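Inspection log for the structure reproduced underneath, given as structure tokens.
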Amino acid sequence: MVQYLLMKIFRALVTVTLIVSAAFVVLRLSGDPAIIILGPEAPPEAFEAFRRNWGLDQPIWVQYFKYFVAVAQGDLGNSMRDGRSALVVVGERIPLTLAITLPALFIKLAIGLPAGVVAALYRNTWVDRLIMMLSVAGFTVPSFVLGLVLAMIFAVWLGWLPSGGSDTWAHAVLPTVTMGLVGAAVIARFTRSAMLEVLGQPYIRTASAKGLLWRNVVRSHALPNAAIPTLTIIGFLVGSLVAGAVVVESVFSWPGVGRLLVNAVANRDLAVVQVILLLVGLTMVGANLAVDILYGIVDPRLRIKRLQAGS
Amino acid sequence: METLLSIEDLAIDFDQGKRFVRALHGVSLTVARGEVLGVVGESGCGKSITWLAALGLLGSRARISGSVQLNGQEIAGAPENDLAGLRGGRIAMIFQDPSSSLNPVHRIGRQIVEALKLHRGMTGASADAEAARLLDRVGIANATRRLREYPHEMSGGMNQRIMIAMALAGEPDLLIADEPTTALDATIQAQILDLLTELRRDSGMALVLISHDLGVVADMSDRVAVMYGGRVIEEADTGSLFDSPAHPYTKGLIAALPDIDGPRRRLESIPGTVPAPDRLPPGCSFAPRCAIASKICDARMPAFLPYGESQSHFAACVKCRDEKPAESARLSGNKHVLVPA
């Protein structure tokens, strides 16, 4: 088990290294930050000074090596825009993003899981069709469209909620609901197919033949098994808590990490983009690791394999 | 013998979305107390669904008509709660693939205790002790330790023993064993069948043994029902069925069995395959594969009538009565004696 965990952590580190490198490559290839920050009309000496300041005049592999060492030491550089530590710049946005993504995650699970289970239990009835129709609508409509529609209805027509900004809790409602509904649609669909798969298994028939009432068959035999594949998608959602709100934050002018990312990319603020990419990568990798460990707890078949692999 | 379960004119239609397809065409069978009834036939002939339907386990896509009586009480169409009380209690069932018939995420012990709690109200330490006793009873060593293990840690044969232990938990009057050894190795098959015989002798419960393997059924059953195309086409005491099979299908099944003693011979096979439930021929459903079929067989499904001198041998075949047993005809001097009015 310990060996298995170490293996998983090692793999996670490799993934993180790849993310760090990809961030470097993509950002260096995508344009000269000196021109974007200083403007094309700045004097050549200013460009040179800027490049020397940020180490951009050195060979690319030296830059890469220095960058890597710095990242490893936790020094993620300063924002090229306002000179503050990029970590601080990003860090102060995280609570704002979590303020909408955490409640949205709750909505996703609270609506998506029961809807998927009910759709599977009432397969091919009008209940199932209605839930699946809403679900298909939910994940085919892009979240910015849904966001705009909700803003039009509740902000423009009804005037109940503000259409953008972050001054009060009321400002958080529309972005939260938008993300929650889209995510709920995805979860509902996934849960339904996981549940249908389980309901067709022979052990469900055994549980019925044993004399259990259907509701108990569902509760103690179907749901625990359906939870296993559903964990994967929940892990993915948890992993995207920090960065999953880019579009919605832009639509509702919510000053979270997502909007910071959009601005930083537009401004070639390399340090900030790097921090966000690393943050996203780490949360994804962390969530995946957590899912792997949970699998072992929920599914005894994996637990044994691990023991065999690990001991 | 006192009748335990009687199925009368049971028919099943499956909802295929646009239409209903009839999978079972009025099956009538009885099981006496303590009796072993063998049910044979190829895959898809309605063996399993007959008993699943009797217990109300076919789900909402199946429309069921006919009567199922347990000790004279009608249970077909009974409320779900009543049926649930019978399942596992009065009538238990074991299945073909034991390893996937046990829930992979629960320990063996929990799955057996669940049945004990349902049917005998046992909980806690007494339930655990009884579960261990049951495992011991079905020949699993280290019962207490095994209770804490999961199905995937056991072999198929072990899992079938666990399924049997779970079925015994409710002290049933009738055990329905649906192809209990099909997924197992030959040596394990024999062990499981021996176990079933032994348990039945001790407890006196009746057994319905569903199998496509006539050999398995021959060894264990008092009586055999042969099914084809959603109907019972022959039924007789085991001895009578093997000594003088009436229906060409039964003869074909017997001819396909190897002899243990006697000369080695080429095993015969029945040409063709079982027709799909929605493509049954208008007359006898076996006629397209039958060597002795003639025009009369295509006219209508033959009636299920007594055959030979035995009072308990029935067959649904028009031709078998003409062809039959030269020696009986010779003895009686008139073969029409064989066909009752």
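Here is how the numbers come out for the structure above:
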| item | result |
| --- | --- |
| Single residue of B:Ala92, B:Ala84 found to be within 12 Å of chain A (Cβ to nearest Cβ) and assigned to a strand (DSSP E or B) | B:Ala92 |
| Number of positions in region B:166-188 that are buried (at least 17 other Cβ atoms within 10 Å of the Cβ), out of contact with any strand residue (DSSP E or B) (no Cβ under 7 Å at 6 or more places or on another chain) and part of a loop (DSSP other than H, G, I, E, B) | 4 |
| Selection within region B:147-165 - within 14 Å of chain A (Cβ to nearest Cβ) and either part of a helix (DSSP H, G or I) or hydroxyl-bearing (Ser, Thr, Tyr) (or both) | B:Tyr150, B:Pro151, B:His152, B:Glu153, B:Gly156, B:Asn159, B:Gln160, B:Ile162, B:Met163, B:Ile164, B:Ala165 |
| When residues of region B:31-78 are limited to those that are charged (D, E, K, R) and part of a loop (DSSP other than H, G, I, E, B), the one nearest to the other protein chains (Cβ to nearest Cβ) | B:Arg61 |
| Members of region B:136-154 found to be among the polar types (S, T, N, Q) and either in contact with a Phe, Trp or Tyr (Cβ under 9 Å, 6 or more places away or on another chain) or in contact (Cβ under 8 Å) with a residue 12 or more places away in the chain (or both), listed by number | B:Thr144 |
| Count of region B:82-117 residues which are of a type outside the set (Lys, Arg) and free of Cβ contacts under 8 Å to residues at least 60 places away in the same chain | 18 |
| Spans of helices (runs of 4 or more DSSP H) in region A:126-245 with at least 3 residues within 14 Å of chain B (Cβ to nearest Cβ), surrounded by 21 or more Cβ atoms within 10 Å (Cβ to Cβ) and free of Cβ contacts under 8 Å to residues at least 24 places away in the same chain | A:202-209 |
| Residue satisfying all of: in region B:90-124; in contact with a Lys or Arg (Cβ under 9 Å, 6 or more places away or on another chain) and among the small types (Gly, Ala, Ser); farthest from B:Lys47 (Cα to Cα) among these | B:Gly109 |
| Test for A:Ala72: is it surrounded by 12 or more Cβ atoms within 10 Å (Cβ to Cβ), among the small types (Gly, Ala, Ser) and either in contact (Cβ under 8 Å) with a residue 60 or more places away in the chain or closer than 30 Å to A:Ser21 by Cβ (or both) | no |
| Residues satisfying the stated conditions in region B:36-80, i.e. closer than 30 Å to B:Ile270 by Cα, among the hydroxyl-bearing types (Ser, Thr, Tyr) and either modelled with pLDDT of 90 or more or surrounded by 18 or more Cβ atoms within 10 Å (Cβ to Cβ) (or both) | B:Ser48, B:Thr50 |
| Residues located in region B:118-135, provided they are surrounded by fewer than 17 Cβ atoms within 10 Å (Cβ to Cβ) and either in contact (Cβ under 8 Å) with a residue 40 or more places away in the chain or within 13 Å of chain A (Cβ to nearest Cβ) (or both) | B:Arg120, B:Gly121 |
| Selection count where residues are closer than 17 Å to B:Ile94 by Cα and among the hydrophobic types (A, V, I, L, M, F, W, C), scope region A:179-216 | 4 |
| Residues of region A:255-282 satisfying the condition of being out of contact with any Leu (no Cβ under 7 Å at 6 or more places or on another chain) and not in a helix (DSSP H, G or I) | A:Asn267, A:Arg268, A:Asp269 |
| B:Val105, sole failed condition from (1) modelled with pLDDT under 90; (2) at the interface with chain A (Cβ under 8 Å from one of its Cβ atoms) | (1) |
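The values are calculated or read from the model by the stated rules, or taken from the named source; none is laboratory data. The structure presented is a predicted model; accordingly, all values stated were derived computationally and were not measured. As a convention, Cβ positions derive from the backbone with ideal geometry for all residues, glycine included, and neighbour counts pool all protein chains shown.
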